[in-house]
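These notes are about the structure you will find just below.
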Amino acid sequence: METLSHKYTLNLSPSSFPLGTDSMLLADFVRLPRNATVLDLGSGCGTLGMLLCAKDDNCVVTGIELSETDHLMALENIQTNHLQCRLYSVCADLKFFPQEIIPGSFHCCVSNPPYFTGGEASLKHPLARRDDACKPSDLFAAAAKALRYGGDFFLVHKPDRLAQLCYEASKAGLQPKRLRLVRHKPGSDVAVILLQCRKGGKVGLVWEELYLQTPDGSPSDDYRRIYHL
């Protein structure tokens with residue numbers, strides 16, 4: 001069991017993503033409008049939805065998750081934390097929106113998606129970490145379908161997929177607007193990227209950088225903010 005801010009608790013199924021730096025980074029990166037409606041694509045046990053509910057007391061988050069095991073754990077987490085009016089989980093394939101997901105109705109979409117491409121080498125990773133069932137093209141198509149005009153899609157990914165992500169975003173009608181490069185220390189390689197894309201947005205990309213540690217290895221101010229230390 002993990003303890004989040006607002007004293008929310010999170011139980012995880014064996015197949016789901018653990019509560020890691022990627023989820024914390026993404027929750028910090030997301031900019032929510034007032035009274036935001038949010039769709040979490042590949043929501044697992046509800047980790048990101050709970051982080052956003054802790055971040056903003058007025059947002060409402062709906063998660064769509066393919067794994068029934070993770071979906072049931074999300075329902076348990078929602079019940080345990082008394083979030084039945086603010087956090088929802090739908091068990092479905094994001095490529096085929098269920099009746100509960102109304103196209104064009106969300107202010108924001110978020111996703112901590114699978115990073116690893118298919119193939120023999122990727123089979124050692126659990127399905128939640130492979131894009132067999134959720135390719136970047138599927139992800140951006142789903143976000144474009146769900147978002148209102150002017151709505152934003154926020155996701156976390158690996159830096160070597162950036163060109164592909166920008167291509168798929170543009171193809172789906174989502175304009176890359178903000179990119180955050182995350183390094184462990186100043187001067188180290190980029191470990192993670194965070195990307196914000198806008199439906200119907202104009203051309204123009206803002207770059208940001210963030211370091212998790214200072215040169216001597218101690219936690220940076222950004223790390224302390226992200227982890228509420």
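Averaged per residue, the chain has 48 square angstrom of accessible surface, using a 1.4 angstrom probe with ligands and nucleic acids left out.
Straight-line cross-link reach from Lys202 at under 22 Å between alpha-carbon atoms covers these lysines, not counting any fewer than eight positions away in the same chain: Lys145, Lys171, Lys177.
Couplings 3J(HN,Hα) of the range 60-75, computed from phi: 10, 10, 10, x, 10, 9, 6, 6, 5, 4, 5, 4, 5, 5, 4, 4 Hz, in residue order, whole Hz [Karplus 6.51 cos²θ - 1.76 cosθ + 1.60, θ = phi - 60°; x for Gly and Pro]. Each helix, a run of at least 4 DSSP H residues, gives -39500 (n - 2.57); summed and divided by the residues of the chain, these come to -7500 deg cm²/dmol at 222 nm. With both labels modelled 7 Å from their Cα along Cα-to-Cβ, the His82 to Thr9 distance reads 1.4 nm. Excluding same-chain residues fewer than 8 positions from Lys185, which lysines have a Cα within less than 20 Å of its Cα? Partners found: Lys158.
Shown for the chain: the carbon plus sulfur share of the solvent-accessible area, taken with all protein chains present and a 1.4 angstrom probe, equals 55%. With 10 Å bins beginning at zero, the pair-distance distribution over Cα atoms of the chain amounts to 8, 34, 39, 18, 1, 0 %. When Rg and the Kirkwood radius Rh are both evaluated on Cα atoms of the range 1-112, their ratio Rg/Rh stands at 0.92. Between Ser188 and Thr69, the C-beta separation translates, for a Förster distance of 25 Å, into a calculated FRET efficiency of about 0.10. Computed over the range 133-194, the quotient of the alpha carbon radius of gyration and 2.2 N^0.38 Å is 1.20. Once divided by 2.2 N^0.38 Å, the Cα radius of gyration of the range 1-67 becomes 1.05.
The values are calculated or read from the model by the stated rules, or taken from the named source; none is laboratory data. Predicted model only: the values in this text are computed from it and were never measured. Quick reminder, even Gly has a Cβ in these numbers, built from the backbone with ideal geometry, and neighbours come from all protein chains shown. Just so you know, the surface numbers come from the protein's heavy atoms only, side chains and all, with ligands and any DNA or RNA stripped out. Shrake-Rupley method; radii C 1.70, N 1.55, O 1.52, S 1.80 Å.
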